[in-house]
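The values are calculated or read from the model by the stated rules, or taken from the named source; none is laboratory data. Quick caveat: nothing in here was measured; it's all calculated off a predicted structure. For the accessible areas, the whole protein counts, side chains as well, though only heavy atoms, and no ligand, DNA or RNA atoms are used. Shrake-Rupley method; radii C 1.70, N 1.55, O 1.52, S 1.80 Å.
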Amino acid sequence: MRSTALKGAALLTMVLALAACGSSKEASSGPAMSQTTSTSTSPAPAMSQSAGSSRTGTFAGANDKHVAGTATVTGTQIVLSGFSSDAGPDLHIYLANGADENAVAAGKEVGTVAFDKASQTFSTNGIDPTSYTTVVIHCDKAKAVFGAASLT
């Protein structure tokens, strides 16, 4: 009996953690999230890119979450266009080299993303964007990737 109760409690805890980042059917319970800029040190460049060029990627959802739109990365900023995402209380934008939890952990957090704002711009001040191949939307609270855009 005790074993069944413990298993039920563990399952309930996992479900609540995953639900913390919500879904597109949920309404926002507070004001739209504001953007922030992270000031961290630059990693060593992994690939070369001229200062005037940009790379673009189209978002695809992950883990049964909806993320759409495009990300354009230049030497100084990330611009989201036509962006939409499932609601989440703690969504952040990352530059990473992949779209899994390990890639996010090794990547650089760029700012807080608003799930309901179609156009957003983030500074990459202190980050070398040429070192990264993917823009990731991540719910830090639930440690879940919502979606990613591979840059070309």
(message) I'd like to check one number: the per residue accessible area of region 84-152, probe 1.4 Å, reported in Å² as a whole number.
(response) 34 Å²
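What number does region 52-152 give for Rg over Rh if you use C-alpha atoms and the Kirkwood radius?
When Rh is taken as the Kirkwood radius, the ratio is 0.91.
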(message) Under the 0.36 nm per residue contour assumption, what length would be gained going from the current alpha-carbon distance of S123 and S54 to full extension?
(response) 23.4 nm
